[in-house]
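Notes to accompany the following structure.
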Ligand SMILES: Cc1ncc(COP(=O)(O)O)c(C=O)c1O
């Protein structure tokens, strides 16, 4: 059993796994098995009835994948969680028990572009919808919530702009309306922020980023605080009423594990957005060094952002760790250890200078990813945020003259030297 009173770095190394009693294996083994032998017919029946916790079939549960979900839950201070095939899968899995045709979510306008597309286009095929608001305008958030709203959704540190969200204020509104706040904590990680401590109910991650940390895995995680009362209203019948998709089980009766068990027994069973054991193993190994890596990421990001702010070719730097940032004060409250390592710069030379910069960088990799040990760069308006309308791009912090930087853990002088030579080539001062 995980001792959740232990410190972050201890949990990052140990939580969610005891040495396998059969072999004593110290590292979490890759349980590459589709199915698990039942002791007898009674054991099988108890597992299917949720009377006993165990393993049936790896689309639902797998020991390696379960260790990952439990480790992230421990780091986030959650009651339970599930690991999924990607961050995008995690978002659908977070919404699935809450939503039904005709229901909606209210989401921040500052989100990863792929999430804006998922919410504004694709979920409509399920009969769900989303409205997008500036979450700094609390009156607008309040006004966007109606009787069909089933969740508020935001990112702790928004991709791409590094904007920090006032989680406490959104949680207060969500609580008042009897709906959960769902926070995508991908870019902050639980090392910098534990959204449940700010009132979030569900936390989602793209494990593809900092959790794994080296660009080897596509994965996602959803964790649940276990404190939301799903039966307090008639808004969440999948959890509060007998669930026809699981022979009439009322999941709310499972208390803090209601959401997690529904997500396994119905969500993973029927949607199948399962993480694979090998991916889970790599992510577990990545998490062991999460605290160490994040310390270096934020130290490097702060140095690079300060240097860029003084550069002639740079119009603005969005890093919330800079005292000049409008998010600076809030960052001290939400992410006091550091404002992450993802931010954007806008160049005086506009679109042309951005394209030249991206091509001239050598140490930085030009990729559609973030949260790697390596420094990464991308021009969001022509890539990750390309599917958005021009006004959506601007609201999301991805205007055409903006370049996104994900600062890695390399020697900081080398990162700055690379930016210096590339900015000289990009010109536009
Ligand atoms: C903040 C954020 N959330 C979610 C996702 C989606 O994650 P994945 O690519 O693992 O599906 C991304 C991807 O870039 C992201 O940046």
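Mind listing whichever residues of the range 197-208 are touching a residue at least 60 places away in the same chain (Cβ under 8 Å) and surrounded by 24 or more Cβ atoms within 10 Å (Cβ to Cβ)? Selection gives 202, 203, 204, 205, 206, 207, 208. No other residue among 194, 176 is away from the ligand (no atom under 12 Å from the Cβ), touching a residue at least 40 places away in the same chain (Cβ under 8 Å) and more than 21 Å from residue 404 (Cβ to Cβ) apart from 194. Residue 381 falls short of the stated requirement of being surrounded by fewer than 18 Cβ atoms within 10 Å (Cβ to Cβ), modelled with pLDDT under 95 and more than 23 Å from residue 413 (Cα to Cα). Residue 47 falls short on exactly one of the conditions (1) part of a helix (DSSP H, G or I); (2) in contact with a helix residue (DSSP H, G or I) (Cβ under 6 Å, 6 or more places away or on another chain); (3) modelled with pLDDT under 95, and that condition is (2). Of all residues in the range 326-340, those that are modelled with pLDDT of 95 or more, in contact with a strand residue (DSSP E or B) (Cβ under 9 Å, 6 or more places away or on another chain) and surrounded by 14 or more Cβ atoms within 10 Å (Cβ to Cβ) total 7.
The number of residues in the range 318-332 that are touching a residue at least 60 places away in the same chain (Cβ under 8 Å) and in a helix (DSSP H, G or I) comes to 2.
Looking at 311, 262, 297 in this structure, which one is surrounded by fewer than 22 Cβ atoms within 10 Å (Cβ to Cβ) and either modelled with pLDDT of 95 or more or assigned to a helix (DSSP H, G or I) (or both)? Even if it seems obvious, please write down each step before you answer.
Values: 262 fails: surrounded by fewer than 22 Cβ atoms within 10 Å (Cβ to Cβ); 297 fails: surrounded by fewer than 22 Cβ atoms within 10 Å (Cβ to Cβ).
Of 311, 262, 297, the one residue that is surrounded by fewer than 22 Cβ atoms within 10 Å (Cβ to Cβ) and either modelled with pLDDT of 95 or more or assigned to a helix (DSSP H, G or I) (or both) is 311.
Take residue 321 and tell me if it is outside the structural domain of residue 186 (by TED's automatic domain parsing), under 20 Å from residue 160 (Cα atoms) and under 18 Å from the mean Cα position of the chain (by Cα). Spell out how you get there, then give the answer.
Numbers: outside the structural domain of residue 186 (by TED's automatic domain parsing): yes; under 20 Å from residue 160 (Cα atoms): yes; under 18 Å from the mean Cα position of the chain (by Cα): no.
It is false that residue 321 is outside the structural domain of residue 186 (by TED's automatic domain parsing), under 20 Å from residue 160 (Cα atoms) and under 18 Å from the mean Cα position of the chain (by Cα).
Does residue 69 qualify as being assigned by TED's automatic domain parsing to the domain that holds residue 239, in a helix (DSSP H, G or I), on the phi < 0 side of the Ramachandran plot and exposed (fewer than 13 other Cβ atoms within 10 Å of the Cβ)?
So residue 69 fails the test.
The set of residues in the range 97-147 being more than 23 Å from residue 270 (Cα to Cα), within 16 Å of the ligand (Cβ to nearest atom) and part of a loop (DSSP other than H, G, I, E, B) consists of 109, 110, 111, 112, 135.
When you look at residue 54, is it more than 16 Å from the ligand (Cβ to nearest atom), farther than 21 Å from residue 192 by Cα and modelled with pLDDT under 95, yes or no?
Values: more than 16 Å from the ligand (Cβ to nearest atom): yes; farther than 21 Å from residue 192 by Cα: yes; modelled with pLDDT under 95: yes.
Answer is yes for this residue.
Taking residue 150 as the residue in question, decide whether it is away from the ligand (no atom under 15 Å from the Cβ), touching a residue at least 40 places away in the same chain (Cβ under 8 Å) and not in a helix (DSSP H, G or I). Steps first, please.
Details: away from the ligand (no atom under 15 Å from the Cβ): yes; touching a residue at least 40 places away in the same chain (Cβ under 8 Å): yes; not in a helix (DSSP H, G or I): yes.
It is true that residue 150 is away from the ligand (no atom under 15 Å from the Cβ), touching a residue at least 40 places away in the same chain (Cβ under 8 Å) and not in a helix (DSSP H, G or I).
Scanning the range 197-214 for residues that are farther than 21 Å from residue 13 by Cβ, over 10 Å from the mean Cα position of the chain (by Cα) and within 16 Å of the ligand (Cβ to nearest atom) yields 200, 202.
Each row is one residue, and each column tells you yes or no for (1) in contact (Cβ under 8 Å) with a residue 40 or more places away in the chain; (2) touching a strand residue (DSSP E or B) at 6+ places or on another chain (Cβ under 7 Å); (3) surrounded by 23 or more Cβ atoms within 10 Å (Cβ to Cβ).
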residue: 244; (1), (2), (3): no, no, no
residue: 248; (1), (2), (3): no, no, no
residue: 253; (1), (2), (3): no, no, no
residue: 269; (1), (2), (3): yes, no, no
residue: 282; (1), (2), (3): yes, no, no
residue: 287; (1), (2), (3): yes, no, yes
residue: 302; (1), (2), (3): no, no, no
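Selection over the range 194-239 of residues that are outside any loop (DSSP other than H, G, I, E, B), farther than 26 Å from residue 114 by Cβ and touching a helix residue (DSSP H, G or I) at 6+ places or on another chain (Cβ under 7 Å) gives a count of 1. Checked against (1) at pLDDT below 95; (2) more than 27 Å from residue 295 (Cα to Cα), residue 162 passes all but a single condition, namely (2).
Checking 217, 221 one by one, the residue that is out of contact with any strand residue (DSSP E or B) (no Cβ under 8 Å at 6 or more places or on another chain) and within 16 Å of the ligand (Cβ to nearest atom) is 217 and no other. Residues in the range 85-96 that are near the ligand (Cβ under 10 Å from one of its atoms) and part of a loop (DSSP other than H, G, I, E, B) were compared, and the one that is nearest to residue 184 (Cα to Cα) is 86.
Here is a yes/no grid of residues against (1) surrounded by fewer than 17 Cβ atoms within 10 Å (Cβ to Cβ); (2) over 20 Å from the mean Cα position of the chain (by Cα):
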position	(1), (2)
359	yes, yes
367	yes, no
372	no, no
377	no, no
389	yes, yes
400	no, yes
411	yes, yes
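Using the structure shown, decide if residue 6 is modelled with pLDDT of 95 or more and loosely packed, with under 15 Cβ neighbours inside 10 Å. For residue 6, the condition - modelled with pLDDT of 95 or more and loosely packed, with under 15 Cβ neighbours inside 10 Å - is not met.
The values are calculated or read from the model by the stated rules, or taken from the named source; none is laboratory data. If you're wondering where the values come from, they're calculated on a predicted model, not measured in any experiment. FYI the Cβ positions are ideal-geometry reconstructions off the backbone, even for glycines, and counts take in every protein chain you see.
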